[in-house]
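Peer 1: Encoded as structure tokens, here's the structure I'll be asking about.
The values are calculated or read from the model by the stated rules, or taken from the named source; none is laboratory data. Owing to the predicted nature of the structure, the values given are computational and were not obtained by experimental measurement. For neighbour counting, all protein chains shown are included, and Cβ atoms are generated from backbone atoms with ideal geometry for every residue, glycine included. With ligands, DNA and RNA removed, areas are computed over all heavy atoms of the protein, side chains included. Shrake-Rupley method; radii C 1.70, N 1.55, O 1.52, S 1.80 Å.
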Amino acid sequence: MAITGGCLCGKVRFRVTAEPIAMRLCWCRLCQYLAAGNATVNVVFPSDAITIEGELTDYRSIADSGRVMHRRFCPACGTQLFSAAEERPHLIIVRNGALDDTALLKPGATIWTAQAPEWAWIDDSLPQHAGQPPPVA
Ligand SMILES: [Zn+2]
Ligand SMILES: [Zn+2]
């Protein structure tokens, strides 16, 4: 099975040939910037299973956890595509909105709920973490 996706303008395309490890919603403050005020929707894959074509811009920052994060997006259309922590190079996070089929998976948890605004809709049927959860892999 291959999972495919890309950015809004089509200049970046990717293909993943592994099953996803996890899917989570993230309400951290930084994600709210990236997701237009909502939570980001993130799918974790093994990084050795992804092939990426096209140019990306890398926004590097230090997370509250102290991790060095790389968030990559299409410089032409601005679509957020990937996130990765330098300390955990075996994993890549793909933004669900960049998948060709955004209904392929369902979220398994909501993280960083402590930073969500009061009006945020958070699914009570999913496990919640106030901050960073333990590593998925
Ligand atoms: Zn693009
Ligand atoms: Zn986040």
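Peer 1: Express the accessible area of segment 5-124 per residue in Å², computed with a 1.4 Å probe while the remaining protein chains stay in the model.
Peer 2: Details: 6370 Å² over 120 residues.
That works out to 53 Å² per residue.
Peer 1: Compute the distance in nm between two label points, each set 7 Å from the Cα along the Cα-to-Cβ direction, one at Thr51 and one at Glu118.
Peer 2: About 5.1 nm, to one decimal.
Peer 1: How large is ³J(HN,Hα) for each residue in segment 94-100, as worked out from phi by the Karplus curve 6.51 cos²θ - 1.76 cosθ + 1.60 (θ = phi - 60°), to whole Hz, x for Gly and Pro?
Peer 2: Here the 3J(HN,Hα) series is 9, 6, 4, x, 8, 6, 4 Hz.
Peer 1: Which length gain, in nm to one decimal place, applies between His90 and His129 when the Cα-Cα distance is subtracted from 0.36 nm times their residue separation?
Peer 2: On the way: separation 39, 0.36 × 39 = 14.04 nm, distance 2.28 nm.
Contour length minus Cα-Cα distance gives 11.8 nm.
Peer 1: Kindly write out, for segment 123-129 in residue order, the coupling ³J(HN,Hα) from the Karplus curve 6.51 cos²θ - 1.76 cosθ + 1.60 (θ = phi - 60°), rounded to whole Hz, with x marking Gly and Pro.
Peer 2: 3J(HN,Hα) across segment 123-129, in whole Hz: 5, 5, 7, 9, x, 10, 10.
Peer 1: Taking all protein chains in place and a 1.4 Å probe, what share, in percent, of the accessible surface of the chain do carbon and sulfur account for? All intermediate terms of the calculation are to be shown ahead of the outcome.
Peer 2: Numbers: 3910 of 7430 Å².
The computed percentage sits at 53.
Peer 1: Using the Karplus curve 6.51 cos²θ - 1.76 cosθ + 1.60 with θ = phi - 60°, what ³J(HN,Hα) values do you get for each residue of segment 3-13, in whole Hz, with x for Gly and Pro?
Peer 2: 9, 10, x, x, 8, 4, 8, x, 6, 10, 9
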